[in-house]
1. So, counting K/R as plus one and D/E as minus one, what does the shell of residues with Cβ under 12 Å around L375 add up to?
2. Determine the shape class of segment 452-497: with a ≥ b ≥ c the square roots of the Cα gyration tensor eigenvalues, call it rounded for a/c under 1.5, and otherwise prolate if a/b is greater than b/c, oblate otherwise.
3. Pop out the carbon and sulfur fraction of the accessible area of segment 468-582 as a percent, whole number, probe 1.4 Å.
4. Between segment 74-89 and segment 135-165, how far is it from one alpha carbon centroid to the other, in angstrom?
5. Under a Cβ-only charge scheme (Lys and Arg +1, Asp and Glu -1), can you give me the dipole magnitude of segment 286-413 about the Cα centre, in debye to the nearest 20?
6. In segment 359-421, carbon and sulfur make up what percent of the accessible area (probe 1.4 Å)?
7. Relative contact order for the chain: what is it in percent, counting Cα pairs under 8 Å that are at least 6 residues apart?
8. Residue by residue through segment 595-609, what is 3J(HN,Hα) from phi via Karplus (6.51 cos²θ - 1.76 cosθ + 1.60, θ = phi - 60°)? Round to whole Hz and write x for glycine and proline.
Amino acid sequence: MTPKAETHEFKTEVKQLLNLIINSLYSNKEIFLRELISNASDAIDKVRFKSQTEEGILGDDTEFKIRIERDAIRNTLTVEDNGIGMTREEVMENIGTIARSGTAAFLEAVQQLDKESVLTPELIGQFGIGFYSAFIVADKITLVTRAAGSEQAVLWESHGDGEFTISDAEKKGRGTRITLELKKKEEGEPDFTDEWTLRGIVKRHSDFVAYPIVMEVEKEEPIPEQEQLKDKDGKPIGKTTRTVVKDETLNSMKAIWSRNKNEVEDQEYEEFYRHISHDWNAPLEKIHVKMEGTTEYTALLYIPSQAPFDVFNPEFQHGVQLYSRRVFIMDDCKELMPEYFRFVKGVVDAPDLNLNVSREILQQDRLVRNIRRNLVKKLFELLQKMDAEKYETFWEQFGSVLKVGIYTDHENQKKIADLVRYKTTKSDGKWKSLKAYVDDMQPGQENIYYITGENLTALANSPLLEQLKSKDYEVLLMTDPIDEWVTQALTEYEKKPLKSAEKGDLDLDEVDEDKKDLYETLFKHIRATLEEKVKEVRPSRRLTESVACLSGDAQDISGYMEKILKASGQEVPKTKRVLELNTSHPVMEKIQELFEKDKKDPTLDAYVHLLFDLAVIGEGGKVEDPAAFSKQVGNLMAGK
Ligand code: ADP
């Protein structure tokens, strides 16, 4: 059984995190309130959604509300909601540990920064660590929460100094109540118990929150006629108004997407983005559309300016929320966006949708399918129109995600191919589109050449490209693991076949037949010596300067693909590569001489292994026996 009160240490990472947040957000303290309100609003969304299938879960507490209470004397501020609340386990998981991958990933990112870099709010914001931001202004936080459908409440308390306690508690009604014991206000700082300060913050950051954010305020109101003191002529004596304390809703609750585009300020769009995305950075782009007719919907979609750290996590939540007539239906609505647009955040409001629609039904819903097709089209239009610089930012952040569409969405493959960018042997480190590549092709060049691998510089200097370079052919340098799949699906662009510089025949020049015959027996010997490592030894049509390289047959998997599969823990059938040798290289003559003199000469054997190692090094790989390699080269240098 769980003891009633327990003290826990925050995980070390959380401790570090708290310090980082507190220090780096010092100049923009007020955002803590936005974070708490956002959480409250999410919690109400959740209980509201649940109540559609679990009747009675709301009881008689059906008026959703977020309440702010201020107490200037005690110097406290409270934010309370009647949302879904949390169980003890949920409190432990969400508030006290780093179970949420975000926190751990965040710290990893921070640790990779060099010491001088400043930890900007942008950086932190990417990780959605909202709740902790309250420690910017609070010495102590007390959270009392009761999960919907449970009788038991939980109390969580912390000074943000490394420990928190958790115990059973009592609470009337479901939801979460968070009380901040505010730090002593310093000269020139905002007073977070002041009515107008709070009004201002709510207006600035949370105006469109869909539930009323209420606060008690003092108001002057007229004293009713019959209660007024009057003289004998019926004239009032003394005051005709009195001060009363009343609830006031501080936000307009206007759903931003249902407003007209020209009525919404940029600032409001940005705040709304922050609200739904939990990302503190401004978005890169947005689309706000209203469609009428058979497929009626309103959508407000955003493209973030930075890829979330977990965008490649298989459990990554899609960012589109579904509403019907401003009533929240669900978030993480995967049915509305293809996988390759999973980073898009926003809201889709479809008035004709049944509120009780389930995820299973959504998949088959014609309306939803049409909306999705429509939105995808709009997103492609937006990306095509984006100015070059912005598009580059987009590409660097989301290119790898978008490329997935090349092999998952045949219908839109061409559109995505138009949007794809690569660095090339001629692009000077800049991104280049396939269209621009094709426009720049050399006369007589028939293929789009590419090479895949981990390291851009190694690729650019790969011996495999020597022949292509001597013809002044450009080569796409593909360093993204996804490209291995892209090139399997995208076999041509504008009728030009994509061809690997590493695999198969490059169909460039003919091999010198005389030399081929000359070296035939030597090559057989080399093949026999390297039996374990190579499947064939061939005169090269790729090399002009280097003596050796490794290649594959057209249907083989590439060296990089093998590496990727291995790294992901998959069984990879051992594929032997092809050793290509440059028959015009003087070294080959020398080896031939040795071979003719004495096939059993140990130097010959050493050279053959050296040839193989040179090919491995040429593609940026690691030689199997570095010590033997270095000894061998040493001997050679000494002329032994
Ligand atoms: P984020 O909101 O970005 O996930 P937070 O640290 O702000 O990060 O919150 C962590 C989690 O704690 C939330 O995802 C939610 O599950 C839970 N939580 C926070 N505030 C509340 C609340 N008012 N009611 C219910 N759950 C909450």
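1. Net charge around L375: +3.
2. On the way: a/c = 3.01, a/b = 1.19, b/c = 2.52.
Verdict is oblate for segment 452-497.
3. Details: 2660 of 5690 Å².
Summing carbon and sulfur atoms, their accessible area is 47 percent of the total for segment 468-582.
4. 8
5. Values: 17 positive and 19 negative charges, 62 e Å.
It works out to roughly 300 debye.
6. On the way: 1440 of 3390 Å².
Here carbon and sulfur together make up 42 percent of the probe-accessible area.
7. Values: 1049 pairs, mean separation 54.2, N = 640.
Once normalised by length, the contact order is 8 percent.
8. 4, 5, 5, 7, 4, 9, 4, x, 4, 4, 4, 4, 4, 4, 5
The values are calculated or read from the model by the stated rules, or taken from the named source; none is laboratory data. As the structure is a prediction and not an experimental result, all values here were calculated from the model. Cβ coordinates were reconstructed from backbone atoms using ideal geometry, including for glycine residues, and neighbour counts include every protein chain displayed. Ligands, DNA and RNA are stripped out before the accessible areas are found, and what is left, the full protein with its side chains, is counted by its heavy atoms. Shrake-Rupley method; radii C 1.70, N 1.55, O 1.52, S 1.80 Å.
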